[in-house]
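Below is one structure, written out as structure tokens; comments come after it.
Here, each number is a calculation from the coordinates, and none is a lab measurement. Just so it is clear, the model here is predicted, and its values are computed rather than measured. As a convention, Cβ positions derive from the backbone with ideal geometry for all residues, glycine included, and neighbour counts pool all protein chains shown.
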Amino acid sequence: MANKSIPELIAEYKSLLDSGVITQEEFEAKKQQLLSSSDTGSSGGALSENMLSARTTGIVAYLTWIGFIIALIIGDRKNAMFHINQALIVNLFALLSAVPFVGWIWSLFMLVCWIMGLVYACREQEKEVPLIGRLHLLK
């Protein structure tokens, strides 16, 4: 989907209002959302409708490798980079769970780290997971 400018998007919603597809309240709410997003600095006056919020990006990043990739591609990388990095570290270190004998203990520790990271992302807190959280692979 191509990026459109905020005035173009408002015009589209206005045409939907005029044709009776949406109500006046829905139009006003969407217009306000678009205008407030332009105040927070969307790139070049364009708005990507598939952009995830920083909170959602942080949460999705912890949900398997696929979630991590989704967070990188369509997420708010600028504001959620802390949790994207933490999710990458947790996912990478979780691979060590395949080591025989000690792997099951490590996998329990990684489960705890994963839950902690996910809870921190839900609460929008930038707290490092224990032991491995100080590593930073992404900037």
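Test of understanding: ordering V119, V129 by Cβ neighbours within 10 Å, fewest first, what list do you get?
Values: V119 13, V129 23.
Taking fewest neighbouring Cβ atoms as first place, the list is V119, V129.
In deg cm²/dmol, rounded to 500, what helix-only [θ] at 222 nm does the chain give when every DSSP H run of at least 4 residues adds -39500 (n - 2.57) and the total is split over its residues? Each step should come with its number before you reach the end.
Working: 6 runs with 86 residues, N = 139.
Rounded to the nearest 500, it is -20000 deg cm²/dmol.
Please build a GNM for the chain, connecting alpha carbons under 10 Å apart, and tell me which residue among T23, T64, T56 fluctuates the most.
Ranking T23, T64, T56 by mean-square fluctuation puts T23 first.
Which entry in (1) 14.3, 47; (2) 16.6, 57; (3) 19.7, 67 matches Rg and Dmax of the Cα atoms in Å derived from the coordinates of this structure?
Label of the calculated value: (3).
Does segment 54-122 classify as rounded, prolate or oblate by the C-alpha gyration tensor (a ≥ b ≥ c root eigenvalues; a/c under 1.5 gives rounded; else a/b over b/c gives prolate, otherwise oblate)?
Values: a/c = 3.15, a/b = 2.10, b/c = 1.50.
Verdict is prolate for segment 54-122.
Charges at C-beta only: +1 for Lys and Arg, -1 for Asp and Glu. How large is the resulting dipole of the chain about its Cα centre, in Debye rounded to 20?
560 debye
Any of K78/K127; K14/K78; K30/K78 with alpha carbons more than 21 Å apart? Name them for me.
Numbers: K78/K127 17 Å; K14/K78 31 Å; K30/K78 24 Å.
Where the Cα-Cα span goes over 21 Å, the pairs concerned are K14/K78; K30/K78.
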